[in-house]
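We did not get these values from a lab; they are worked out from the coordinates using the rules stated. Bear in mind the structure is a predicted one, so any value in this text is a computation, not a measurement. Note that we place each Cβ from the backbone using ideal geometry, even for glycine, and neighbour counts take in every protein chain shown.
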Amino acid sequence: MAKLLNVLVIIGITLFFDISHGEISRWKQYLSKQKILSTRNGGRIAGGTEATRDQFPFAALFFNYHADDSESACSGSIISTNFVLSAAHCFTSIKSSDLLAGVHDITLEYPQYEFSILPTDVTRHPNYNAALHANDIAIVSTRRSPFRFTSSIQAVVMAPRSFINTNLTGTIARVAGWGLTRDGGDMSPVPRFIDSPIITNVDCARTFGTLILSSNFCLSGAGGRSTCSGDSGGGVTIINGNNRNLIGIVSFGSEYGCQLGFPSVKSRITAYYDWITLVTGIVIS
């Protein structure tokens with residue numbers, strides 16, 4: 001069997017500077033002090049394409065402030081006026097988080113929606129295991145400040161329950177985010193996306209071994225096209241008839257980097273439909 005690779009949780013960029021403790025404005029200070037965002041740098045998901053405005057109206061962006069004073073960026077998917085799906089690892093020991101939606105270029109404009117998330121707003125899966133990266137899914141409540149849907153802010157349609165037993169191997173999946181442009185590169189000022197085929201879990205396990213569970217699926221990293229740091233929690237979608245349906249959440253990848261052709265691992269949301277309904281009340285048919 002091929003040598004197993006160590007794992008990098010794609011949690012975002014940890015910063016090492018002091019920052020004032022404002023609430024909603026804090027994310028702007030995060031960006032200005034990083035000085036890593038510039039439209040001219042062509043920042044992107046590794047190997048990705050720049051999205052058009054409102055192409056991903058369900059995409060949300062989190063700036064997370066952790067108990068150890070580190071900071072990180074993650075993504076999420078709006079599933080209703082009151083809830084966002086993301087990755088559990090994004091919210092490890094958070095003190096607060098700024099949630100943004102309805103924004104394209106985060107260096108040039110303010111979002112239509114801003115909300116300061118508290119730890120009590122986040123429900124991580126009860127069986128989340130950080131060491132094994134298992135059940136890496138979280139639901140963030142916006143009940144204290146519900147979304148108002150516009151052309152720039154919309155809920156994504158979750159795949160129907162019939163997809164629970166559907167083999168999607170070879171299906172082209174799309175994932176978008178503001179994550180790093182490349183290994184060691186910049187965070188993207190605008191969302192970018194990649195289209196990559198879903199591979200078998202058997203193929204994915206050749207890289208990640210027993211970390212790959214039935215509640216995961218993997219995307220090919222061929223051609224250096226992959227999610228990267230800062231994309232964690234972002235939605236993975238596929239075409240289903242005339243709709244684009246949410247099927248997964250960005251979870252983790254290889255510690256050796258985003259551009260070397262290794263697969264990336266996603267949480268399969270159909271494995272969690274009963275739990276999602278329990279937490280949100282959303283009935284998924």
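Among the GluC sites (Glu not before Pro) in segment 69-160, those located in a DSSP loop and surrounded by at most 13 other Cβ atoms within 10 Å of their own Cβ are E109. Less than 5 angstrom separates the built amide H of N240 from those of N245, all sequence-distant by 5 or more or on a different chain.
Residue order for D98, D231, D203, fewest other beta carbons within 10 angstrom first, comes to D203, D98, D231.
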